[in-house]
Structures are given as C-alpha cells and as structure tokens.
1. Using a Förster distance of 22 angstrom, determine the FRET efficiency expected from the C-beta separation of Thr215 and Glu155, and round it to 0.05.
2. Would you mind putting 293-300, 114-121, 329-336 in packing order, based on average other-beta-carbon counts within 10 Å, highest first?
3. Ranked highest first by average number of other Cβ atoms within 10 Å, how do 156-165, 245-254 line up?
4. How would you order 200-210, 227-237, 137-147 from highest to lowest mean count of nearby Cβ atoms within 10 Å?
5. What does the C-alpha gyration tensor say about the overall shape of region 230-373? Classify as rounded when a/c is under 1.5, otherwise prolate if a/b is larger than b/c, or oblate.
6. State, to one decimal in nm, how far the label point of Tyr344 lies from the label point of Asp231, with both points 7 Å from Cα in the Cβ direction.
7. For region 150-291, what's the radius of gyration and Dmax over Cα atoms, in angstrom?
8. For region 160-215, what class follows from the C-alpha gyration tensor (a ≥ b ≥ c being the square roots of its eigenvalues): rounded when a/c is under 1.5, otherwise prolate if a/b is larger than b/c, else oblate?
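Where a number appears in this text, it was derived from the coordinates with a stated rule and is not lab data. No experiment lies behind these values; they were computed from the predicted model shown. All Cβ positions, even for glycine, are placed from backbone atoms using ideal geometry, and neighbour counts span all protein chains on display.
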Amino acid sequence: MDFSGHAGRWVSGGCRTYGRALPPIRGNFIVAGAPEWRVLESVLLEGSITAPTGAAIGRVRLIGGSLASVLSCVRAPVAPCGPSERWGGACQCSRYGSPEVGSALSGFNETVAVAEAGAHTWTAEIAESWSQGRAIFGGAITGIALRALDRLVPEGRALRSVLVDFTGPAEPGAFRIDARVLRSGGSLSQAEARVFQGDRVVAVMLAAYGAPRRTGVAWPARKRGDVPALDGLMAFPYIPGVTPSFTQHFDYRWATERLPFTGADRPDVDGFVRPAGGDASVDAAMLLALVDAWPAPVLSLFRGVAPASTVTWMVNIVGPLDGAPPTDGFWWFEGRTNASAGGYADVEGCIFDPLGRLVATSKQLVAEFSKPD
C-alpha cells in the first residue's frame, strides 16, 4: 500500500485522523464507543455529537486546519445520519464517499481479467479507482500477472510463492503481460511474468506453483493470537481526494492506534480486512490484494505525510485456499517492521483467514522518503 501523492497532514488534538482543509460535513452524528461516547474523524465533521440516550455531548469543527473543540478518539465508525434515523445498535448510514461500497465499483475479478493477445502475451485494463497516489495499487498489478501465469501452469499446482520487483510506477490504463514457464518438474513449476505499460516494465514477478507431496516432515503453522472483537474497532473510511482510491474496494477494521504518519512509538499495524461488497472469492490473487491493502507499518513512525513505495515483495502461501471461508468474513493481518535505515525499511506480515488459520506470510523492502528531523 502506497500513500504517495496524497497531499495532506495528520491533525492531532486528542483525535488523530488523516485529513486536509476540506469543506466539513455538517449535520448530526451518532457515535459508538465504550465506556464513553466519543468522536472519531473529528477533523472532517462539523455538528453535534449525540449519545444513544439523545443527550448532546459536544460539537466539533474544522477551523483553519485545526480542531477548535475535540473529543478524544475511540475506535468506532462515525457516519452522518438523517433526521429520521434512530439509534439501533449502530448508525445505519453509509461510509464517506460511497453509499454502497463495492456495489457500483469494478469488481476485483473484472479488474484483473486478462485477454490473450498472442503467444505468451496478454493484455489488461486497470481503472483509476484502483490507484494509490501516483501509481496503481500493487495488488492489482500482481493480480493481472497471476491471471496470465495461471493460464500456463499445469492444473493441480497451487501458487506457493511469489517474488515481485516493482520497477516503476504504473498509471491507470492499458497493460501488457508477457508470461512464460521457466521450468516444470514432477510437482513444481516456476514461472515469470513481466508487466509492461507502453514500453516500460513496471513489474517483474517470479512465481512457484506446486502440487502437494507426501513427505516425512510436517510442522503446523503458528496459531493466531488473541484478537479484539470486531465491535468497536475503527472502520477505515474511504474519503475521496484524501484516502487512496483503491481503499474503496476494501472494508477495514483497524485494531491499533498506530496509524500512518502519526509519529507512533512502534512501526506496527494490526487489523481486519475483507473485500468491500463481497465481490470476489479469495483466491491467490485476492489474497495478495488483501495483504497489500495495508500500509507498510513503517509509515506509522512518520511525523508527517511523505512518500513510500514497495521495491520488492515476497509472499509465501502456507495454507490452502480451497474451501476458504466466503468474502463476508474478515481476514486478520499483522504487520511489523524489522529494521529501517538509510531510506529503506524491511517489513513483514502475516494474514489469517476468518477461521484463524495462517494462510500467507509477507516480506517487503520499502523505500521511504520521510524528512529528517
């Protein structure tokens, strides 16, 4: 996930939220939180804050890019409600910027669909709604590469590992994918895909597909630790012009207060994610997209907005995807930063399916451009 090109800054005043001087949304708001009723995303709101009891508990306003009056944050979504709507356990209103997230958007399967254009050559088109700053979302780029490779690999061989080198920013529009199998043995196939935009190579993928084999060694995947309940976790809203466009295709629940660009004490990220609108089954391509949907955890250390982008990315799929739970279930993601120096960060992550099973591990080299103190 790359926040490059999203000009703005984090505003802190008891509540942190990613925003800039936008016209505030005016109206009445109902906010859920325990043990107190508080407000989230205050910087984007102007209006009264009301508890389920009907008691007015405060007002928030955006004045000159700072908060005139702020209630402290709680990890719970806020949405503007119409006057006829009543409290019913949650405010039954849409998230910012999209009345029905995913309903009017290009589905992931449609986005990563490829058309054969010649021997070992395919074409694809990726819309602007999948962009992130000045580039296309990496999960969409890897998706079209995988769709091409899937046409070449023998049946019965599941994706086991990918290594991707993002060689340059890719813009919305047309792409060409050149793909080939490098070697195919008795149970393992190794393949390569190059993604072009015009004459430029924007990504190179090496992939390993393997059929299961019986061996004398087995070691269970590590267990998912205790995770917070979904109720009350912060929903990451899609706000046009503020948050990356591709985030409208995902439904997030943040389980950490260490958000990007907040100068956090640790470069970690934890939370739940699923495709918005339930428009795609979680196959290997969607799995990679769910992993890449999260910002690099090192961004939490940034004290202001600054560019960062993935240089190389490796994902190992350690759990079977056949029979995986449907997309209405949330997948749990954990991201950690191992080291960051000289403008490059080593970050890793794990993703667990809705049943708590480890499915994939991730490793990235991230180029970051934060300003020195």
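1. On the way: r = 22 Å, r/R0 = 1.00.
In this case the efficiency is close to 0.50.
2. Result, highest mean first: 293-300, 329-336, 114-121.
3. On the way: 156-165: 18.3, 245-254: 22.7.
Ranking, from highest mean packing down: 245-254, 156-165.
4. Final packing ranking: 137-147, 200-210, 227-237.
5. Details: a/c = 1.92, a/b = 1.45, b/c = 1.32.
Prolate is the answer for region 230-373, as a/c is 1.5 or above and a/b outweighs b/c.
6. 4.8
7. Rg, Dmax (Cα atoms, Å): 19.1, 54.
8. Numbers: a/c = 3.67, a/b = 2.69, b/c = 1.37.
Note, shape of region 160-215 comes out prolate.
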